Amino acid sequence: EYQRIIDRAPCGGNILDIGCGVGNFLDIFDDRWEKFGVEPSDYAHEKAKEKNIRILPTLQTIASDFMDVVILRGTWQHINFPMQMLVQATRVLRPGGLLIFLATPDTDSLVYKIWGNLPMLDPDRNWVVPGGRVLRNILRRLHYTNIETVKPYLGTPYASPVLDFGKFVFSLFFGYHYKFAFPGNMMEIYAIKDYS
């Protein structure tokens, strides 16, 4: 994930992680970056601050066109007003800046189409379960361009192709009883805010 971001934004700048947790992901970024996070947990605030991440109370407190990169890493489905949050994320992102969704479940996946479930879904914590087509359409309506979708699987820590494909075949015959990683279950989306 880090390398894919650096490939698209090699110069650094102001980076915001919405739902940054204790800041482990932002901590990977070097001193080319000014690191900011939004996180509701007080415990996570303190841990992130120890990593020199500036914790902001809300997106509304950030100046318009201030961020170069805004990241939602496995968080969009947990936000109770996701469209309002995306509008605010777009406001704080400078024109030409990069909006990134990482570790996001994709309901356009084969597994979801067959069984209506994915390993990372938690009905008690999910407000919206996005599909790639819907999310790309939303981003186009918000005037993002160069919208790119990546479907990470091979080379990720959760991929076990032989076991995962075995569970897939088993589930076809006996029902979806075991959660398993599978190509297309997760997506990353990279989009550039239009200059207009």
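The values are calculated or read from the model by the stated rules, or taken from the named source; none is laboratory data. This is a predicted model, so every value here is computed, not measured. FYI the Cβ positions are ideal-geometry reconstructions off the backbone, even for glycines, and counts take in every protein chain you see. When the accessible area is computed, the model is the full protein with side chains, heavy atoms only, and any ligands, DNA or RNA have been set aside. Shrake-Rupley method; radii C 1.70, N 1.55, O 1.52, S 1.80 Å.
Let me confirm something: among 125, 136, 140, which residue is under 16 Å from the mean Cα position of the chain (by Cα), surrounded by fewer than 14 Cβ atoms within 10 Å (Cβ to Cβ) and not in a strand (DSSP E or B)? It would help to see each step written out before you state the result.
On the way: 136 fails: surrounded by fewer than 14 Cβ atoms within 10 Å (Cβ to Cβ); 140 fails: under 16 Å from the mean Cα position of the chain (by Cα).
It is 125.
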Assuming residue 75 fulfils every condition listed in (1) within 29 Å of residue 179 (Cα to Cα); (2) at pLDDT 95 or above apart from one, which condition is it? (2)
Would you mind finding the one in 65, 42, 7, 30 that is at positive phi and not aromatic (Phe, Trp, Tyr)? 65
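Tally up the residues in segment 147-164 that are of a type in the set (Gly, Ala, Ser) and open to solvent by 50 Å² or more (accessible area, probe 1.4 Å), please.
So the first thing to find is which residues in segment 147-164 are of a type in the set (Gly, Ala, Ser), and the list is 155, 159-160.
Filter once more, so that each one left must be open to solvent by 50 Å² or more (accessible area, probe 1.4 Å): 155.
Summing the residues that are of a type in the set (Gly, Ala, Ser) and open to solvent by 50 Å² or more (accessible area, probe 1.4 Å) in segment 147-164 gives 1.
Filter segment 170-196 down to residues that are of a type in the set (Phe, Trp, Tyr) and under 30 Å from residue 95 (Cα atoms) and give me whichever is least open to solvent (accessible area, probe 1.4 Å). Before you say what the answer is, go through the steps one by one.
Step one: list which residues in segment 170-196 are of a type in the set (Phe, Trp, Tyr), which gives 170, 173-174, 176, 178, 180, 182, 190, 195.
Now narrow it down to the ones that are under 30 Å from residue 95 (Cα atoms): 190, 195.
Values: 190: 3, 195: 167 Å².
Ranking the candidates gives 190 first.
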State yes or no: is residue 167 touching a Pro at 6+ places or on another chain (Cβ under 7 Å) and either assigned to a helix (DSSP H, G or I) or open to solvent by 50 Å² or more (accessible area, probe 1.4 Å) (or both)? no
Pair list, Cβ under 7 Å, 6 or more apart: segment 6-34 residue within 23 Å of residue 104 (Cα to Cα), other residue surrounded by 14 or more Cβ atoms within 10 Å (Cβ to Cβ) and aromatic (Phe, Trp, Tyr): 8/190; 14/36; 14/66; 15/29; 15/33; 15/36; 16/36; 17/25
Positions within segment 161-183 being small (Gly, Ala, Ser) and either at pLDDT 95 or above or more than 26 Å from residue 101 (Cβ to Cβ) (or both), in sequence order: 166, 171, 175
